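See structure below.
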Amino acid sequence: MIKVAIIGASGYTGVELSRILCNHPHVTLTAATSRQYAGQPLSEVFPNLRGKVDLVCENLSTDEIAERSDVVFTAVPHKTAMDIVPQLLEAGKKVVDLSADYRLRDLATYENWYQPHSSSSYLAEAIYGLPERYRDDISKARLVANPGCYPTSIILALAPLLERGAIDSRTIIADSKSGTSGAGRSAAVGTLFCEVADGFRPYKVAGTHRHTPEIEQELSCAAKTDITVSFTPHLLPISRGILSTIYAELQPDFDAEKIGAIYKQAYESETFVRVLPHNSLPATQYVRGSNFCDLGFAIDTRTNRIVVVSAIDNIVKGAAGQAVQNMNIMLGLEEDAGLAGAPFFP
C-alpha cells in the first residue's frame with residue numbers, strides 16, 4: 001500500500017481528503033497533522049470518520065512526515081506551503097499542494113496578489129493540476145499545484161471554446177457562486193449562520209479576488225493570447241457547491257450544434273466531466289459529494305451570446321477530490337480510484 005500523509009488535516013479540505021482516502025483501494029493514511037487538535041483522534045474532531053480513520057492528529061516535523069509517507073497532501077494556507085514543500089521534495093516525496101503557492105507560473109504575478117515567495121525556484125517545476133488539461137505532465141510530476149475551486153469551474157467551461165476560437169475572448173464575464181465551506185473552517189463573522197442564512201451576496205468584486213490571475217493564466221494558455229476576465233464571486237447560503245454562469249459573445253459561424261461538438265470532442269473520454277444536452281443546465285445538488293464537473297450551455301440569439309454553466313462540489317472537484325485524482329495520475333493508478341462514487345442526493 002502507498003503511504004499518504006495530510007498536512008493540515010483539520011480543515012474542510014483535510015477532512016474531505018481523509019474521507020476519500022480511507023476508502024481508496026491502493027493507499028493507507030499514515031499521518032494527519034494538526035496543531036490545534038494535536039493528541040486528539042481525527043474521528044473525534046470529525047465524527048463522520050468514526051470507524052473509518054483511526055489516526056491521531058499530531059504536530060509533526062517535516063522530517064517525521066517524510067519518514068511516514070510516499071505522497072504528501074499539503075492542505076495548508078498559502079505562505080505556509082511554500083516553506084514546507086521544498087523539504088518534502090528534497091526528501092524524495094511526491095507532493096500535491098492545495099494552496100495557491102505554486103499555481104501561478106509568473107513570480108511577479110504571485111507576489112503582486114499574495115506575498116513574497118520563499119521557494120520561487122519551484123514555480124517552473126510545479127504542474128498545474130487540472131487533469132483534463134495537463135494529464136501527461138501530471139503523470140511525470142513530483143509537485144502538482146492543485147487548482148482553486150472557482151478556476152476549476154471556469155477553466156473547464158471555457159478552455160475548449162477558446163482553443164477553437166468559438167468566443168470573443170474580450171467579452172468574458174464569469175459570475176460564480178460558492179457554498180460557505182469555500183471560506184474555510186475558521187470562525188469568521190461573515191460566514192456565521194445568521195450572517196449567511198436567507199441571504200445571497202457578492203464579495204471581492206471588480207477583479208479583487210485572488211483566483212482572478214489563476215483563471216486568466218489558464219484561459220490565456222488556451223486562447224494563446226492574453227485574456228482579462230470580469231469575475232465576480234458570490235456567497236450562497238449552502239454548505240458546499242459552486243455554480244459558475246459564464247457569458248461571452250459567439251464568433252461568427254458558431255451555433256449550438258458546433259458548440260456541442262466542441263464539448264463532446266473535449267470531454268467525451270473524461271471520467272469526471274459530464275456535458276449535458278443543449279439547454280439542459282447543471283445544478284449544485286447533482287454534483288454534491290462527487291468529483292464531477294457538470295457543464296451545460298445555452299445560446300441567446302438576441303444578443304449573440306453563449307451562456308455556459310458549470311457546477312462542481314467546491315471541496316471535492318474543487319479541492320480534495322481533484323487532489324486525489326492528481327495523486328492517482330502521478331502514481332500510475334486508475335484515475336477514478338477512491339472517487340468513483342455517485343453524488344449525494346438530496
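The values are calculated or read from the model by the stated rules, or taken from the named source; none is laboratory data. What you are looking at is a predicted structure, and each value in this text was computed from that prediction instead of being measured. Here the Cβ positions follow ideal geometry from the backbone for every residue, glycine too, while neighbour counts run over all protein chains shown. Side chains are part of the model used for accessible areas, which takes the heavy atoms of the whole protein and leaves out ligands, DNA and RNA. Shrake-Rupley method; radii C 1.70, N 1.55, O 1.52, S 1.80 Å.
Below, the figures for the structure above:
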item: Filter on 52/204; 93/317; 204/264; 79/264 - keep pairs with C-alpha separation over 27 Å; result: 52/204; 204/264; 79/264
item: Additional length obtainable on full extension of the chain from residue 189 to residue 50, 0.36 nm per residue less Cα span; result: 47.1 nm
item: Prolate/oblate/rounded call for the stretch 198-346, Cα gyration tensor, a/c under 1.5 rounded; result: rounded
item: Amide proton proximity set for residue 231, modelled H, under 5 Å, gap of 5+; result: 174, 207
item: Helix axis angle, 212-223 relative to the chain longest principal axis, alpha carbon, degrees; result: 60
item: Inter-centroid distance (Cα atoms) of the stretch 241-311 relative to the stretch 91-132, Å; result: 29
item: Portion, in percent, of the accessible area of the stretch 47-149 that falls on carbon or sulfur, probe 1.4 Å; result: 45
item: Normalised contact order of the chain, rounded percent, pairs of Cα under 8 Å and 6 or more residues apart; result: 17
item: Theoretical ellipticity at 222 nm over the chain - DSSP helices of four or more residues, -39500 (n - 2.57) apiece, nearest 500; result: -8500 deg cm²/dmol
item: Crossing angle, helix 256-267 versus the chain [Cα axis fit, 0-90 degrees, rounded to tens]; result: 20
item: For the chain, built as a Gaussian network whose Cα springs stay under 10 Å, the top-fluctuating residue of 72, 45, 324; result: 45
item: Accessible carbon and sulfur surface of the stretch 291-346 relative to its total accessible area, %, 1.4 Å; result: 55
item: Gyration tensor verdict on the chain (Cα atoms; rounded if a/c is under 1.5, prolate if a/b is larger than b/c, oblate otherwise); result: prolate
item: 5 angstrom amide H check on residue 143, placed H, neighbours 5+ away; result: 95, 127
item: Relative contact order of the stretch 183-270, pairs being alpha-carbon contacts under 8 Å that are 6 or more residues apart, as %; result: 29
item: In nm, spacing of pseudo-spin labels at residue 120 and residue 269 (7 Å Cα→C-beta vector); result: 3.9
